[in-house]
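J.: Mind having a look at this structure? Questions to follow.
Read-outs: derived from the displayed coordinates by stated rules, not from any lab. What you see is a predicted model, and the numbers here were worked out from it, not measured in a lab. Don't worry about glycine lacking a Cβ; one is built from the backbone with ideal geometry, like all the others, and counts go over all protein chains shown.
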Amino acid sequence: MPSAAVRALPGIGAMLLAGIGMATAGNAGSRPTPAITFPDVAPAVMSRQVVEGIVRTLSSDSFEGRAAGTAGGEKTTAYLVQRFIDAGLQPGNSGAWLQKVPMVEITGQEHGPLIVSAHGHPLRFDFGTDWVGVTSRPVKRIDLKASELVFVGFGINAPEKGWNDYAGMDMRGKTALILANDPDHDAKSGKGPFGGRAMSYYGRWTYKFEEAARQGAAAAIIIHDASPGSNDWNEIEGGWTGPQTYLDAAHNDSEPMLMSGWVQKSVAEQIATAAGKDMPSLGTAAQQRGFRAVALGITISTGFDNTVRRMMSHNVIGVLPGKARAHEYVLYTAHWDHLGRCPADETGDDICNGAIDNATGTAGLVALAAANTAAGPAARSQVFIAFTGEEEGLLGSEFYATHPIFPLEQTAGGLNIDTMLMTGTARDMIVVGKGKSNLDAYLAKALRGARRRPSPDPAPEDGHYYRSDHFSFARRGVPMLYIESGQNLVNGGRKAGRTAARDYETRHYHQPSDEYDPNWDWAGVMEDLQILYQTGRMLAQSKAWPNWHAEDEFRPVRDESCAASPDGC
Ligand SMILES: [Zn+2]
């Protein structure tokens, strides 16, 4: 998965095509949820040696960390085509295995200061230490000139919640200054209009930039949340400088903003003071329903140069056609890409091999494909996609979801694998986004059969459901499951599970040390793959169309697309 706040933003233009911010209030096309049947599924035969061999190969140095748009990336897609052939799949893109994903890498340099003009007294803030900003427009030069600054609170427009921070404000040509997180993020419980302590999509920085663009803003700047548990400014600075990769804007429908960026909290405080306001009061006002955006009577200006490099990467797509309802689809997804070359560690190793993230999920995807072809076609078609560009901001899945080969309203649902931990067998399985859709019921049956239980996400405040490829589908209505390895371990219980997960997070995640280890314990991963096999196969044999629960953020989008389709959900 990508880091919390430190990778490039997804191609914003493409996201304008659909997205929860555009979901209308009410369920105009709502249909009653049909009863679900859970076909019995025989256990799959899956070879640990095969899965391990794929992880060892993909994470070897010769694949150079599998970055999209590099030779290592090309080598990865060629290797995966062969694995899909071996697994007995058919090519999924009208006779081809690959789907082209056009990308553009934009590297900003020579940044001027951020100049804030208040009543003729300019304040100047330095790039890097005070603020960062990038553009997804593939142009040589960006100039933001005397753009009016508007404090828009949390920058949320959620008609289904009766909340609009932009109400009555015309943002064209202006710059939005936006608070991080969502209005009830400080809550102790999971209760509140935006899920309390749990991060809703409205709290994610990706959403805030998308919404500002929808509002027609010239630029948007998020105020860094310096509270404990958040990313350090150093991580923001590191992630938002240097090369940034986007979907090629030539393939998007609308123009991205001039700039998306962040400021230090102290900078926002100085800006507020210059405007005759104070940040704490603005922040408190923004937490109240009915908050109205505040024109600060200030303009901001800056400029920077860009180098632009276009590149092509690929999703790898295979299909096992269904024998009864081949025009209905079940999705299995995992991202093949990782970070490529990265800052060297103390041993001089500068390849981020991504063995766990996500060679494991990619190998699991191949194993699920092979197990399904061995069992023979299911009633529904089963589609297996290895995505590119996930680490750059879900680019491959975003491109597929906006250029779907199999119609989304004919896609019954799916599951995404991103990062399988080698922590051993567990009594549970973590379901990120547990309680969102009735896909949970399929998974629950598979877990019962293995005498395991579903556990909720232990860190809902981190918004993991919005941070891997399943989200590109969920936001367009397709019910998607996203699971993580259990943390209630057979050996050592919850304490050992939490320790092991934290160990990966702090010592290996997105570092050169995320490498293959011949001493890994594969038992838990193989058990998890068996659960995923059972869950997917049940859905592929079923006639039911799972849906999001009635109050879920993605329900209106699904109901709308279902109502518009004669063949689908
Ligand atoms: Zn990942």
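J.: Could you calculate the FRET efficiency of A42 with R448 from 1/(1 + (r/R0)^6), where r is the beta carbon distance between them and R0 is 22 Å, rounded to 0.05?
T.: 0.85
J.: What FRET efficiency comes out for S94 versus M311 if R0 is 22 angstrom and r is the Cβ-Cβ distance? Round to the nearest 0.05.
T.: 0.40
J.: When a/c is below 1.5 the answer is rounded, else prolate if a/b is larger than b/c, else oblate, so apply that to the range 290-368 with a ≥ b ≥ c taken from the square roots of the Cα gyration tensor eigenvalues.
T.: oblate
J.: Count charges around A459 for me, please; just the other residues with Cβ under 11 Å from its Cβ, Lys/Arg as +1, Asp/Glu as -1.
T.: Computed value for this residue: -2.
J.: Is the range 373-471 best put as rounded, prolate or oblate by its Cα gyration tensor, with a ≥ b ≥ c the root eigenvalues, rounded for a/c under 1.5, and otherwise prolate when a/b is larger than b/c, oblate when not?
T.: It comes out oblate by the Cα gyration axes.
J.: Tell me the net charge near M538. Cut-off is 15 Å between Cβ atoms, M538 excluded, with +1 for each Lys or Arg and -1 for each Asp or Glu.
T.: Net local charge, M538 excluded: +3.
J.: Is there a quick way to get the dipole size of the range 331-398? I mean about its Cα centre, with the Cβ of Lys and Arg at +1 and of Asp and Glu at -1; what is the value in debye to the nearest 20?
T.: Roughly 620 debye, rounded to the nearest 20.
J.: Counting pairwise Cα distances across the chain, what percent come out greater than 41 angstrom?
T.: 20 percent
J.: What does the charge count around A71 come to, taking other residues whose C-beta lies under 14 Å from its C-beta (Lys +1, Arg +1, Asp -1, Glu -1)?
T.: Neighbour charge sum, excluding A71 itself: -1.
J.: For T411, list long-range residues whose amide hydrogen, built 1.01 Å from N in the peptide plane, is under 5 Å from its own amide hydrogen.
T.: Those qualifying (amide H under 5 Å, at least 5 residues apart or on another chain) are Y329.
J.: Exceeding 25 Å between C-alpha atoms, which entries from my cross-link table qualify? They are K100/K208; K208/K495; K161/K434; K140/K174; K161/K445.
T.: Numbers: K100/K208 28 Å; K208/K495 36 Å; K161/K434 21 Å; K140/K174 22 Å; K161/K445 33 Å.
In this structure, K100/K208; K208/K495; K161/K445 lie more than 25 Å apart at Cα.
J.: Now for a different question. Name the residues whose placed amide hydrogens come within less than 5 Å of the amide hydrogen of E484, ignoring near sequence neighbours (fewer than 5 apart) on the same chain.
T.: Amide H neighbours of E484: I430, V431, V432.
J.: Quote to one decimal, in nm, the extra length available between E551 and T499 on full extension: 0.36 nm per residue of separation minus the C-alpha distance between them. Don't jump to the answer; show the numbers that get you there.
T.: Numbers: separation 52, 0.36 × 52 = 18.72 nm, distance 3.45 nm.
This chain segment gains 15.3 nm when fully extended.
J.: When 1/r is averaged over all different Cα pairs and the result inverted, which Kirkwood radius in Å belongs to the range 79-204?
T.: Working: mean 1/r = 0.0513 Å⁻¹.
This gives a value of 19.5 Å.
J.: Give me the Å³ per residue figure for the convex hull around the C-alpha atoms of the range 266-330.
T.: 270 Å³
J.: Here's something else I'd like to know. Using just the alpha carbons, could you tell me how many Å³ per residue the convex hull of the range 321-563 encloses?
T.: For the range 321-563, the hull spanned by Cα atoms encloses 124 Å³ per residue.
J.: Can I ask one more? Put +1 on the Cβ of each Lys and Arg and -1 on the Cβ of each Asp and Glu in the chain; which of A87, V101, A274 then has its Cα farthest toward the positive end of the dipole?
T.: Value: A87.
J.: Something else about it: Which residues' amide hydrogens lie under 5 Å from the amide hydrogen of G190, considering only partners 5 or more residues apart or on another chain, with H built in the peptide plane?
T.: R197
J.: Using the Cα centre as the reference, give the magnitude of the dipole from point charges on the C-beta atoms of the chain (Lys, Arg: +1; Asp, Glu: -1; all else neutral), rounded to the nearest 20 debye. Show your work: numbers first, answer last.
T.: Details: 52 positive and 64 negative charges, 333 e Å.
That gives a dipole near 1600 debye.
J.: Please compute the alpha carbon radius of gyration of the range 106-308, then divide it by the globular-protein estimate 2.2 N^0.38 Å. Two decimals is fine.
T.: Ratio of Rg to 2.2 N^0.38 Å for the range 106-308: 0.98.
J.: Could I ask something else about it? Run the numbers for V139 and S266: contour at 0.36 nm per residue of separation, minus the present Cα-Cα distance, in nm.
T.: 42.6 nm
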